[in-house]
Amino acid sequence: MKVQNEMATKITLDTIEAARSLKSFTSGISALTNGWKASEAAHKAVGDSLGALKAKFDGIGNVIEVQKQKNRRVKKSSRRTR
């Protein structure tokens with residue numbers, strides 16, 4: 001029974017840690033999105049349409065990379081719990 005309790009506790013702690021990590025990724029994605037949107041708006045406000053497009057392009061690229069990391073983390077976490 002002790003081994004089962006220890007295993008259940010470890011799985012629970014791993015799940016909590018994974019959830020916190022995913023929440024962190026989600027917060028990071030939101031922050032990146034807000035950042036590129038603000039930068040894009042600032043460029044548009046001064047008439048710099050090329051700068052606005054570059055800010056948007058670079059920002060979306062960064063968001064995609066972080067989203068890929070999040071997806072890898074979810075897959076890795078999913079494999080551990082099987």
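May I ask you to verify whether Thr33 is at pLDDT 90 or above and polar (S, T, N, Q)? The answer is yes for Thr33. Which of the residues belonging to segment 33-82 are more than 15 Å from Leu22 (Cβ to Cβ) and among the hydroxyl-bearing types (Ser, Thr, Tyr)? If the condition is that a residue be more than 15 Å from Leu22 (Cβ to Cβ) and among the hydroxyl-bearing types (Ser, Thr, Tyr), then Thr33, Ser39, Ser49 are the ones that fit.
For segment 17-60, name all the residues that are within 19 Å of Arg73 (Cβ to Cβ) and of a type in the set (Lys, Arg).
Arg20, Lys23
Of the set (1) among the hydrophobic types (A, V, I, L, M, F, W, C); (2) at pLDDT 95 or above; (3) under 13 Å from the mean Cα position of the chain (by Cα), all apply to Ile64 but (2).
The values are calculated or read from the model by the stated rules, or taken from the named source; none is laboratory data. Just so it is clear, the model here is predicted, and its values are computed rather than measured. All Cβ positions, glycine included, derive from the backbone under ideal geometry; neighbour counts span all protein chains shown.
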